[in-house]
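The values are calculated or read from the model by the stated rules, or taken from the named source; none is laboratory data. Everything quoted here is computed from the prediction, not taken from an experiment. Please note: Cβ atoms are built from the backbone with ideal geometry, for glycine as well, and neighbour counts cover all protein chains shown. We work out accessible area using only protein heavy atoms, side chains counted, and drop any ligands, DNA or RNA first. Shrake-Rupley method; radii C 1.70, N 1.55, O 1.52, S 1.80 Å.
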Amino acid sequence: MTETVSPTASGAGNASATALRDLRCGDLAASWTDRPVRVAGWVHRRRDLGGLFFIDLRDRAGLVQLSFRPDWTKEDSLALAGQLGPEDVVAASGTVRARPPEMVNADMRTGEVEIQVETLELLSRAAPLPILVAVPPEEALPAEELRLRHRVLDLRRPHMLHNFEIRHRAVTAARAALNEEGFLEVETPFLTRRTPEGARDYLVPSRVHPGEFYALPQSPQIYKQLLMAAGFDRYYQLARCMRDEDLRADRQPEFTQVDVEMSFVEEPDVFGVCERMLVRMFQETLQVDLDVPFQRLTYAEAMEYYGSDKPDLRISWRIQDLTASLTGIGFGIFDSASEAGGRIRGLRVPGGAVLSRRQLDEADDMAQTAGAKGAMWLKRTAEAWSGAPARFVDDAVAQKLRTEHGVEEGDLLFLVAGPDAETGPALDALRRYAARQLGAVADGFACSWITRFPLFDPDPETGLPTYGHNPFAMPLDPDPDTLSQRPYEQLSRAYDLVLNGVELASGSIRCHDAELQRTIFRTLGMSDEEIQARFGFMLDSFQHGVPPHGGFALGLDRLVATLVGADSIREVIAFPKTSAARGLMEGAPSAIDEAGLAELGLSLRQAE
């Protein structure tokens, strides 16, 4: 087994010395050779060689080998060593010895030495394990549901401990970066009132105010704006946020944000703070230097060239508009889409002609899943063009594809026809899929700011305006009449930070004009009474002088998952919920008996 090295283990000294140990297992170094030592930890693995025992003892810092032999081990300790099982907790005292050169284990940080144990003490016996901690590298991990039911054992695995060492270092770096720039860390309330921030609230009934409820914060949005109104100038916190969202694979009902707000700023000021903070976080976790400043794209540019407001810029390919080149060539699908007001958009995949028919069928399925009616393709080989539209590609069309769209021999052209709302997501999915298949995703980290989001979007069900990014963003054109009369034409000063195709942070320059903010709320369909009831405490505070301000919230869980290469944020949250929002280990949520409900003035009725 290759040991995961703890990034915080010093390998020198014994700062972790306590009454039961002189140092941590993984901190033992060659400098301790021939010295007496006492260590404590969990039995990771035991090997019995017929009266000679070896135990790999584990703690947070790593592994150390204990050796037991009648020549140096007391009889009762030797007998105990032969009875130990996985995850028993022991303390061992003995002498550090250098291993013979042929016995050095290069996969262990302590692999040059071992402890020849004189005495062994059992501190805690482990029952039979429902899941293994020491999983051999050739074996798959237990099913995630089983791991979550026995999360304490799962967290003992060196890989999981490594994830949380990285999380700790990332948090420490973020705090250090913001502290050095003059930010104050301020905590905001967990028990607050309901405000619309994109998801349903978790509600907490009040015992002392029967019939009334607190809401758990979806984010500290309003409170951090109030801190700016209070003159705090620069605020941050590691904020816990709770959102009762519909079930999604990699969402958690509670998560952590690095939440930041600043006064007297515009976008470049906010971007600079965030970039410097991230540079430090990457340096102190992965020793990677990010390129700054990050690339900037407007929302319109991102949707036009990448089909997504979360483009993965590790892939160099861009979406192209081929409407002028492919309309009128006799291919009915293209002509119909153009006549209906849509476009023919395509993606040139360099070297993509090697993709098999099976892969192209998979790509078509992905385009349909993304909302398009399907994807067509053209291959250009030395012999001919192939694909459904190929027989309509005459010399003139072929010349346009070569000169205007860069299609070379050996390339593949994906084509999707229809409205942008269909073609963009489909081509985004095709772009990511083909890049993975061809190994065209560059190594490293690609960060970009996406700016100028629509202020309002039409609700797909009602057709009425809903906010496009967040309801507290300053309009790019702050004229109230323009805002209310032509809402869908308005852009906002909102922005997202995207890392490798994942939204990592989100924020905006805020609307600090109380009347303009009321106009935004009215456009969203709120009455003046509702606005006052839900947001009056914030808008009233703006009447007493509030500075222009803005900020961002960075998803810590998503960032750490990226840093450690985890597929799910559950791998970097100590006690996560399932995708069904259940805590399998502790059995949450759980029912409350009638006495508990009565104390809160509540009763249950059967759901209809």
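General observations
- In this structure the amide hydrogen of D477, modeled in the peptide plane, comes within under 5 Å of the amide hydrogens of L491, none closer than 5 places in sequence on its chain.
- Listed peptides 55-61, 155-161, 283-289 by packing density, highest first (mean Cβ within 10 Å): 55-61, 155-161, 283-289
- Gyration tensor verdict on the range 264-354 (Cα atoms; rounded if a/c is under 1.5, prolate if a/b is larger than b/c, oblate otherwise): oblate
- Simple spin-label estimate for L132 and K373 gives 5.4 nm between the two label positions (7 Å along the Cα-to-Cβ direction from each Cα).
- The range 158-257 - convex hull of alpha carbons, volume per residue in Å³: 141 Å³
- Note on R582/E185: beta-carbon distance plugged into 1/(1 + (r/R0)^6) with R0 of 25 Å gives a FRET efficiency of 0.20.
- Derived scalar couplings ³J(HN,Hα) [the range 520-537; Karplus, 6.51 cos²θ - 1.76 cosθ + 1.60; whole Hz; x for Gly, Pro]: 4, 5, 5, 5, 7, x, 8, 7, 4, 5, 5, 4, 5, 5, 8, 10, x, 5
- Whole-angstrom gap from the range 218-277 to the range 547-564, using each part's C-alpha centre: 7 Å
- As a ratio to 2.2 N^0.38 Å, the alpha-carbon radius of gyration computed for the range 478-553 takes the value 1.26.
- Rel. contact order, % - alpha carbon contacts under 8 angstrom, at least six apart, the range 500-608: 24 percent
- The orientation-averaged shadow of the Cα convex hull for the range 379-495, equal to a quarter of the hull surface, comes to 11.6 nm².
- Convex hull volume per residue, computed on the Cα atoms of the chain, equals 227 Å³.
- Lysine pair count for the chain (Cα-Cα distance under 30 Å; residues 8 or more apart in sequence or on different chains): 7.
- The range 244-277: GluC sites (Glu not before Pro) in DSSP loop, at most 16 other beta carbons within 10 Å: E245, E266
- Size descriptor, Kirkwood hydrodynamic radius, that averages inverse alpha-carbon separations across the range 427-501, Å: 14.8 Å
- Over the chain, relative contact order from alpha-carbon pairs under 8 Å, at least 6 apart, %: 12 percent
- Both radii come from the Cα set of the range 195-352: Rg as radius of gyration, Rh as Kirkwood radius; their ratio Rg/Rh reads 1.11.
- Projection of the Cα convex hull of the range 348-407, averaged over all directions and equal to a quarter of that hull's surface, yields 4.6 nm².
- Rounded to the nearest 20 debye, dipole of the range 34-133 from Cβ charges on Lys, Arg, Asp, Glu: 200 debye
- Note: relative contact order over the range 263-396, using C-alpha pairs below 8 Å and six or more positions apart, is 13 percent.
- Share of carbon and sulfur in the accessible area of the chain stands at 51%, probe radius 1.4 Å.
- Measuring between their Cα centroids, the range 343-373 and the range 36-106 lie 57 Å from each other.
- At 0.890 mPa s and 25 °C, Stokes diffusion of the range 95-232 via Kirkwood alpha-carbon radius, µm² per second: 114 µm²/s
- Under the combined filter of DSSP loop state and at most 14 neighbouring Cβ atoms within 10 Å, the range 182-277 retains these chymotrypsin sites (Phe, Trp or Tyr not before Pro): F190, F264.
- Debye log10 I(q)/I(0) for the range 306-361, one point scatterer per Cα, at q = 0.16, 0.19, 0.21, 0.26 Å⁻¹: -0.69, -0.89, -0.97, -1.03
- Distance between the range 296-311 and the range 387-458 - C-alpha centres, whole angstrom: 13 Å
- Each principal axis of the range 534-595 carries a Cα extent, and these read 49, 47, 15 Å when sorted largest first.
- The range 17-74: mean projected area of Cα convex hull, nm²: 4.5 nm²
- Sum of -39500 (n - 2.57) over DSSP H runs of 4+, divided by residues of the chain (222 nm, nearest 500): -8500 deg cm²/dmol
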